[in-house]
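S.K.: Would you mind keeping the following structure in view while I ask a few things?
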Amino acid sequence: MYARAGLSARSFSVKETPTFARALGIPHPTGRPGEREIGNRSAARPPVASAAMRMTSLFLRTLRDDPADAEVESHRLLVRAGYVRRISAGIYSWLPLGQRVLRKVEQIVREEMDEAGAQEVLLPIIQPLELWERSGRDQAYGPLMFKLLDRKETGYCLSPTAEEVVSSLVAQEYGSYRDLPLTLYQINWKYRDELRPRFGLLRAREFLMKDAYSFDVDVDAFRASYQRMYDAYHRVFSRSGLTFRAVEAASGEMGGSESREFMAVAAVGEDDFVWCPSCEYAANVEAARRGEGGPAAAGADVPPLEEVGTPDLPGIAGVAAHLRVEPGTLLKSIAFDVDGKLGLAVVPGDREVNELAVAAALEPKQVRLYGDEDFAAHPELPKGYIGPNYQGASVVVADPAVRAGPAWVIGANRTDYHARNAMVGRDFDVDVWADVVTVTPGDPCPRCGMPLSIDRGIEVGHVFNLGTKFSEALEARYTDEKGEQHPMMMGCYGIGVSRVVAAVAEEHHDEHGLSWPAALAPYDVHLIAVPGRGEQAANVVAEADRVYASLRAQRIDVLYDDREVSPGVKFADADLVGVPVQLVVGAKGVGRGVIERKVRATGARDELPLADPGDPRST
RNA sequence: CGGGGAGUAGCGCAGCCCGGUAGCGCACCAGCUUUGGGAGCUGGCGGUCGGGGGUUCAAAUCCCCCCUCCCCGACCA
């Protein structure tokens, strides 16, 4: 099951959330954090200032034609409905409607960060390059950074992220184990000169990001901080109305349990991920593993190994066709450089080798897939005809699936020949058994064994362990009880706030336009006056004005279409803009003393008493 | 960065081959008609035709250089 958003914003308390209790229950050296108040959200703070707006005043021009450059629905609709306008490649202006939605997302993030005990700061967008040189990331980020010079020719960059600034800030202020843990966050514009900005707000060069950084004394303390953020992220994306999964990210160094990407499920997503429809397992394709395959084949009577000619057929498909067998009955032997020696990874012919899995299986050895230059350096290797029994191989890693077949077709270790009837243990040996195939849909889940699915997603958030990389480079150290100095353990937590707006638009729209979840909608109610032409027209307008005033008095955010345009234009614009509830005050209804209501998402219509419509948001 | 395409009114486009008055739809303004699912008629406003150079009596159109944008492949929130 996917985590599914409710329409109404829920409030969470520390006590109700088991993971909080767990996180807070972890003993702390000082004992102080237990007393520290986590979260200070109060009902007194309005999420976003309530507002009412007449469309005759609103800075909005909807477009009848699709913008020519929009490839995806979120981009197309956000431009057409007047939420954003492109100013340059990957750089957008946010118009009043868009600004309100962005603020709603921001506010949800802010509430959940505060609730999780993080403190909001605001760090500079313009940052000295010198800081980036200290961490070495001026090189690592390289052309992705927007760089500039001041009048003295000192180098600066526009912040693509803020580990350096926040680390040096904390290093200045804090230096004791008594100060920790600490989590700081900001919601601020980020700049990345992407090679190819595209998909509107989904991959922009200027984007609004929430970035948080945790500082802890050790790994255990870090895990508690990490867990609080991880839980908060679930609440943020649920409240935003996204269908999402927290996915194990591929990260060789960091370790999967401390790196999660939050993927909003969407066909236009740029990342594939594997997930289990039956349990909570989800992982990046590179990080994904599968469960046990079938049992090892019984030792059937297999004739001896027999060479067959396969001239000019180095590929699996060609050999399989030539021998009239399925590709799955062949074995692929893929060459790797393992600490400078030849290693082979062996998988069935219909599967792909997962490079990262091979590397993980052979740790701590350095593993690298052979490239053209490696084959050029080793002309004795019969590329395309290597078998798992190749004499020069220092190590053979095979997928457990290789155990399942009684006999295989393998490379014969000389060009233009393969061999059939190859048996594990008889004709070749395996040094390491490991799950090294790339997961494909239908593979068993490593947790529950049910078939896995693969989907595309938009990465809307990422939480991970930074270790001490930045605290060492920028000298963010603390002194422990014994007076010894240690670098702080850091975590990093990002949410693409402007990207969330696009991801939600991607999930919540139909052929008529946007359809916002209540939590993100720019307004709660779209009031439409349809006065008609007759004698009652003035009266209808007066009634609509009265309803408008009454909604404002209830502090309901209302967008009032008081324009003198045809009803069709008003209805079409209302559907395009996508406010969750539409109210029509028209000649027809006023005559009968009713207001017509339409729920944008479902199309459900009903009527409310004109004299006292109550709260039209509740159905 | 490599490969493909495009820059003409705020938006969507035609005109370019074959050089000669810059056009259509939407939007905007005015008037009349219309008024429950993107109305009609009439009249208007709005353009350094991406920029620079060249050829020519004459360039949106032909030639050269540059810029920008979009689409397809390696990065990230």
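The values are calculated or read from the model by the stated rules, or taken from the named source; none is laboratory data. Since the model is a prediction, treat every value here as computed from it, not as a measurement. With ideal geometry, Cβ positions are generated from the backbone for all residues, glycine too; neighbour counts draw on all protein chains shown. Remember, those area values only see protein heavy atoms, side chains included, never the ligands or the DNA or RNA. Shrake-Rupley method; radii C 1.70, N 1.55, O 1.52, S 1.80 Å.
S.K.: A:Lys588: which lysines have alpha carbons under 20 Å from its alpha carbon, excluding same-chain residues fewer than 8 sequence positions away?
M.R.: The reachable lysines, counting only those whose Cα sits under 20 Å from A:Lys588, are A:Lys570, A:Lys598.
S.K.: Still on this model: Would you work out which of A:Ala288, A:Leu195, A:Leu323 lies farthest towards the positive end of the dipole of chain A, given +1 charges on the beta-carbon of Lys and Arg and -1 on that of Asp and Glu, about the Cα centre?
M.R.: Farthest towards the positive end: A:Leu195.
S.K.: Structure shown: which of A:Lys152/A:Lys190; A:Lys147/A:Lys469; A:Lys152/A:Lys210 lie over 26 Å apart, alpha-carbon to alpha-carbon?
M.R.: Numbers: A:Lys152/A:Lys190 24 Å; A:Lys147/A:Lys469 23 Å; A:Lys152/A:Lys210 32 Å.
Too far apart for the 26 Å limit: A:Lys152/A:Lys210.
S.K.: Right, something else. Mean separation of Cα pairs under 8 Å and 6+ residues apart, divided by the residue count of the stretch A:306-433: what relative contact order is that in percent? Mind showing how you got there, number by number?
M.R.: On the way: 244 pairs, mean separation 38.7, N = 128.
The value is 30 percent.
S.K.: To continue, here is another question. Taking the dipole about the Cα centre of chain A, with the C-beta of Lys and Arg at +1 and of Asp and Glu at -1, give me whichever of A:Thr415, A:His75, A:Pro379 is farthest to the positive side.
M.R.: A:His75
S.K.: On to the next question. Largest first, how would A:Lys570, A:Lys147 line up by accessible area (1.4 Å probe)? The partial results should precede the final answer.
M.R.: Working: A:Lys570 5, A:Lys147 110 Å².
Result of the area sort, largest leading: A:Lys147, A:Lys570.
S.K.: As an exercise, use a Förster radius of 60 Å and the Cβ-Cβ distance of A:Glu373 and A:Glu173 to find the FRET efficiency, rounded to the nearest 0.05. Could you put the intermediate results ahead of the total?
M.R.: Details: r = 50 Å, r/R0 = 0.84.
For A:Glu373 and A:Glu173, the calculated efficiency is 0.75.
S.K.: In addition: Rounded to the nearest 500, what is the 222 nm mean residue ellipticity of chain A from helices alone, with -39500 (n - 2.57) per DSSP H run of 4+ residues and division by all residues?
M.R.: About -7500 deg cm²/dmol.
S.K.: Apply the a/c threshold of 1.5 to the C-alpha gyration tensor of the stretch A:525-609 and tell me whether it is rounded, prolate or oblate. Write down the numbers at each step before the final one.
M.R.: Numbers: a/c = 1.43, a/b = 1.23, b/c = 1.16.
Because its axes are fairly even, with a/c under 1.5, the stretch A:525-609 counts as rounded.
S.K.: So in the stretch A:525-609, what percent of DSSP beta bridges are antiparallel if you round to the nearest 5? The partial results should precede the final answer.
M.R.: Values: 9 of 19 bridges.
Here the share of antiparallel DSSP bridges comes out near 45 percent.
S.K.: Give the calculated FRET efficiency between A:Lys147 and A:Arg447 to the nearest 0.05, with a Förster radius of 56 Å applied to their Cβ-Cβ distance. Let's see the in-between values first.
M.R.: Numbers: r = 46 Å, r/R0 = 0.81.
The value I calculate is 0.80.
S.K.: Same structure again: How far apart, in nanometres, would the label points at A:Glu607 and A:Glu130 be if each is projected 7 angstrom from Cα along the Cα-to-Cβ direction?
M.R.: My value for the distance between the label points is 7.4 nm.
S.K.: Which Cys residues of chain A have no other Cys beta carbon under 4.7 Å away?
M.R.: Singleton cysteines: A:Cys157, A:Cys492.
S.K.: Considering only protein heavy atoms and a 1.4 Å probe, what is the carbon-and-sulfur percentage of the accessible area of chain A?
M.R.: Numbers: 14240 of 28300 Å².
Roughly 50 percent, rounded to a whole number.
S.K.: Per residue, how much accessible area does the stretch A:306-433 have with a 1.4 Å probe, in Å²?
M.R.: Details: 6090 Å² over 128 residues.
The answer is 48 Å² per residue.
S.K.: Students often forget the sequence filter, so: which lysines lie under 20 Å Cα-Cα from A:Lys332 once same-chain residues fewer than 8 apart are removed?
M.R.: Those lysines meeting the cut-off are A:Lys341, A:Lys383.
S.K.: For the stretch A:385-436, what class follows from the C-alpha gyration tensor (a ≥ b ≥ c being the square roots of its eigenvalues): rounded when a/c is under 1.5, otherwise prolate if a/b is larger than b/c, else oblate? Present the calculation step by step, with values, prior to reporting the outcome.
M.R.: Working: a/c = 1.99, a/b = 1.29, b/c = 1.54.
Judged from the Cα gyration tensor, the stretch A:385-436 comes out oblate (a/c at least 1.5, b/c at or above a/b).
S.K.: Just the accessible area for A:Trp189, please: 1.4 Å probe, Å², rounded to the nearest 10?
M.R.: Near enough 70 Å² of accessible area.
S.K.: Which one, A:Ser333, A:Leu559, A:Val236, projects farthest toward the positive side of the charge dipole computed for chain A from Cβ point charges (K/R +1, D/E -1)?
M.R.: Towards the positive end, the residue furthest out is A:Leu559.
S.K.: Per residue, how much accessible area does the stretch A:51-115 have with a 1.4 Å probe, in Å²?
M.R.: On the way: 2860 Å² over 65 residues.
So the stretch A:51-115 comes to 44 Å² accessible per residue, rounded to a whole number.
S.K.: I need the peptides A:420-427, A:323-330 ranked by packing, meaning the mean over residues of other C-beta atoms within 10 angstrom, with the highest value on top. Numbers along the way, then the final one.
M.R.: On the way: A:420-427: 17.5, A:323-330: 15.2.
The most tightly packed comes first, giving A:420-427, A:323-330.
S.K.: Let me spell out the model: positive unit charges on the Cβ of Lys and Arg, negative unit charges on the Cβ of Asp and Glu, origin at the Cα centre of chain A. What dipole size does that give, in debye rounded to 20? Mind dumping the intermediate values first?
M.R.: Numbers: 70 positive and 89 negative charges, 479 e Å.
In total the dipole reaches around 2300 debye.
S.K.: May I ask what percent, to the nearest 5, of DSSP beta bridges between residues of chain A are antiparallel?
M.R.: Details: 91 of 116 bridges.
Just about 80 percent of them are antiparallel.
S.K.: Here's another thing I want to ask about it. Cα gyration tensor of chain A, axes a ≥ b ≥ c as square roots of the eigenvalues: rounded (a/c below 1.5), prolate (a/b > b/c) or oblate?
M.R.: On the way: a/c = 2.31, a/b = 1.61, b/c = 1.44.
It is prolate, given that a/c is not under 1.5 and a/b is the larger ratio.
S.K.: Would you please give the FRET efficiency between A:Val599 and A:Glu352, computed as 1/(1 + (r/R0)^6) with r the Cβ-Cβ distance and R0 = 35 Å, to the nearest 0.05? Don't skip to the end; give the middle numbers.
M.R.: Working: r = 46 Å, r/R0 = 1.33.
Here the calculated transfer efficiency is 0.15.
S.K.: Got a sec? What order do A:Arg228, A:Arg592, A:Arg86 fall in by accessible area at 1.4 Å, biggest, i.e. largest, first?
M.R.: Details: A:Arg228 30, A:Arg592 145, A:Arg86 125 Å².
These residues rank, largest area first, as A:Arg592, A:Arg86, A:Arg228.
S.K.: Further question on the same structure: Could you give the length gained by full extension between A:Gln99 and A:Asp431, i.e. 0.36 nm per residue of separation minus their alpha carbon distance, to one decimal place? All intermediate terms of the calculation are to be shown ahead of the outcome.
M.R.: Details: separation 332, 0.36 × 332 = 119.52 nm, distance 5.92 nm.
Going from the current span to full extension adds 113.6 nm.
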